[in-house]
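Student: Sharing a structure below in structure tokens format, with a few things to ask.
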Amino acid sequence: MFNILVYGAVTSAIYDMLAVGFTLIFGVARILNLAHGAFYGLGAYAAYVLTSQLHWPLLPAAKVSSRWPLMSSPE
């Protein structure tokens, strides 16, 4: 039961960060920019590949996948 509550809290925190990012960008710039959602998707896909395909432990995979979008951005 505790694992379910923690998983729900983490998932809702991720959704909250996405919503706050959308609100902040739309409120300041008055345009809808979906780029940061794409970066979240890149990080999530990198974490999936590292943990399920390459059998990395979760903590190192999370550290690498959080930096993956920064390494793959063109700027």
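The values are calculated or read from the model by the stated rules, or taken from the named source; none is laboratory data. Quantities reported herein were computed from a predicted structural model and do not represent experimental measurements. Virtual Cβ from ideal backbone geometry, glycine too; neighbours counted across all protein chains shown.
Student: Among the numbered criteria (1) at pLDDT 80 or above; (2) surrounded by 12 or more Cβ atoms within 10 Å (Cβ to Cβ), which single criterion is violated by Leu59?
Tutor: (2)
Student: Within the group Ser12, Ser65, which residue is modelled with pLDDT of 80 or more, among the hydroxyl-bearing types (Ser, Thr, Tyr) and surrounded by fewer than 12 Cβ atoms within 10 Å (Cβ to Cβ)?
Tutor: Going through Ser12, Ser65 in turn, just one is modelled with pLDDT of 80 or more, among the hydroxyl-bearing types (Ser, Thr, Tyr) and surrounded by fewer than 12 Cβ atoms within 10 Å (Cβ to Cβ): Ser12.
Student: Residue by residue through segment 31-75, note down the ones that are more than 18 Å from Leu18 (Cβ to Cβ) and aliphatic (A, V, I, L, M).
Tutor: Listed by number, the residues that qualify are Val49, Leu50, Leu54, Leu58, Leu59, Ala61, Val64, Met71.
Student: Among the residues that make up segment 23-35, is at least one of them surrounded by 10 or more Cβ atoms within 10 Å (Cβ to Cβ), at pLDDT 80 or above and not hydrophobic (A, V, I, L, M, F, W, C)?
Tutor: Yes, some residue in segment 23-35 is surrounded by 10 or more Cβ atoms within 10 Å (Cβ to Cβ), at pLDDT 80 or above and not hydrophobic (A, V, I, L, M, F, W, C).
Student: Please specify each residue of segment 36-49 satisfying the condition of being small (Gly, Ala, Ser) and modelled with pLDDT under 80.
Tutor: Gly37
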